[in-house]
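The structure appears right after this line, and notes come after that.
The values are calculated or read from the model by the stated rules, or taken from the named source; none is laboratory data. Being a predicted model, the structure only gives us computed values, none of them experimental. All Cβ positions, even for glycine, are placed from backbone atoms using ideal geometry, and neighbour counts span all protein chains on display.
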């Protein structure tokens, strides 16, 4: 019945409305993260180590997915839950930027941290029911094509907007009013969120799903740990999260502050890499169809690992060419890693409670990732802003962490080959 209902004209319109949601989601993720968020946190006075930890908050807030799983089993209106949750967390991000001119040190940092944490947690909470909503209105036979179009449009729109965002931030920075640039960026995020909220309200929700039996929280959490077939996925996710979070959260501040790379250049490079990712994602999907998701995952992880090692070598003398090169190589790896990891989880999770297995895996390993970021923050504190001497040069803490990050991700690629083999894509 759900497959038949999903083919009705109302659901075709809803799928178009969800493309708007995809565009806004990617835009918000792009401008409220990475170098833009690092620049904002540096502007309002966050210490270097704390700056990196805040960028790792989304990993820790993956715990919200567990809360989302439990709530999704209890609430009677998934659509209301998703619409309200999405609106609140994005307006929270917008408010954080719009307060850029008044948030300074002391309580200002507490307010910014609170807004960011709550927004990230709410974002994680709505992931399970929002995924169920999209799947419910998209029949299996067109799901791959639809997801590809949604991803491509989202990437293209983000690429164009980021060019303007970077130039606008540079403009206000050159005027001596960088905070005003972030205020306007916050207003832009709020406007996009308003459009997205209207789109979600107009989108039709899928047919009422059968409510799963409510289990005790501890039973749900232990189920993925007890399933022997799923344990290699848990270990893969753990190594991956540690590898990424120990270095990546601190890298963006190094690019903006230590290397002095402008937002305009960052946005131009981001534009190129977003287009690159949109083109490569379809290519790697076809490769996975012919070979396996495991093989493509190994290639993606090794590519990102190599890119992180190259990032550790970026200095004032070579930033003009090595920063863009490392970023382009990294984007090649990220182009398909998300869908690879998701498909591997679906392969090894049971047919029942699949979303719960994936949500708990992401939540538990998000905590490990945040612990890795804490370790990276400790290294940054111990090393200090001046770095340490190696032979005749000076190595900054961010460079050392990116070298460690790259090595771990390469080892993670090796683990995929040893533990998960070459299982052919199923379904």
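Rundown of residues vs (1) closer than 29 Å to residue 257 by Cβ; (2) at pLDDT 90 or above; (3) assigned to a helix (DSSP H, G or I), yes/no style:
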residue: 123; (1), (2), (3): yes, yes, yes
residue: 132; (1), (2), (3): no, no, yes
residue: 141; (1), (2), (3): no, no, yes
residue: 161; (1), (2), (3): yes, no, yes
residue: 180; (1), (2), (3): yes, yes, yes
residue: 185; (1), (2), (3): yes, yes, yes
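Just give me the residues in segment 103-117 being without any contact (Cβ under 8 Å) to a residue 40 or more places away in the chain and either surrounded by fewer than 16 Cβ atoms within 10 Å (Cβ to Cβ) or within 25 Å of residue 202 (Cα to Cα) (or both), in sequence order. Within segment 103-117, 106, 107, 110, 114 meet the criteria.
The set of residues from segment 342-361 being surrounded by fewer than 22 Cβ atoms within 10 Å (Cβ to Cβ) and within 16 Å of the chain's Cα centre (by Cα) comprises just one member, 342. Each residue in segment 375-391 was checked for being in a helix (DSSP H, G or I) and crowded, with 16+ Cβ neighbours inside 10 Å, and 5 of them qualify.
Conditions (1) closer than 20 Å to residue 178 by Cα; (2) in contact with a helix residue (DSSP H, G or I) (Cβ under 7 Å, 6 or more places away or on another chain), marked per residue:
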residue: 70; (1), (2): no, yes
residue: 74; (1), (2): no, no
residue: 78; (1), (2): no, yes
residue: 81; (1), (2): no, yes
residue: 89; (1), (2): no, yes
residue: 97; (1), (2): yes, yes
residue: 103; (1), (2): yes, yes
residue: 113; (1), (2): yes, yes
residue: 119; (1), (2): no, yes
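Within segment 155-182, residues that are crowded, with 18+ Cβ neighbours inside 10 Å sit with their Cβ atoms under 6 Å from residues that are assigned to a loop (DSSP other than H, G, I, E, B) and modelled with pLDDT under 90, at 6+ positions apart or across chains, in these pairs: 170/262; 179/100; 179/101; 182/100. Can we say residue 240 is over 24 Å from residue 338 (Cα atoms), out of contact with any strand residue (DSSP E or B) (no Cβ under 6 Å at 6 or more places or on another chain), part of a helix (DSSP H, G or I) and touching a residue at least 40 places away in the same chain (Cβ under 8 Å)? Criteria not met by residue 240. Given the condition surrounded by fewer than 20 Cβ atoms within 10 Å (Cβ to Cβ), modelled with pLDDT under 85 and assigned to a helix (DSSP H, G or I), answer yes or no: does some residue in segment 320-332 qualify? Checked segment 320-332: no residue is surrounded by fewer than 20 Cβ atoms within 10 Å (Cβ to Cβ), modelled with pLDDT under 85 and assigned to a helix (DSSP H, G or I).
When segment 243-273 is filtered for residues that are within 30 Å of residue 354 (Cα to Cα), assigned to a helix (DSSP H, G or I) and in contact with a helix residue (DSSP H, G or I) (Cβ under 6 Å, 6 or more places away or on another chain), the ones remaining, listed by number, are 243, 245, 249.
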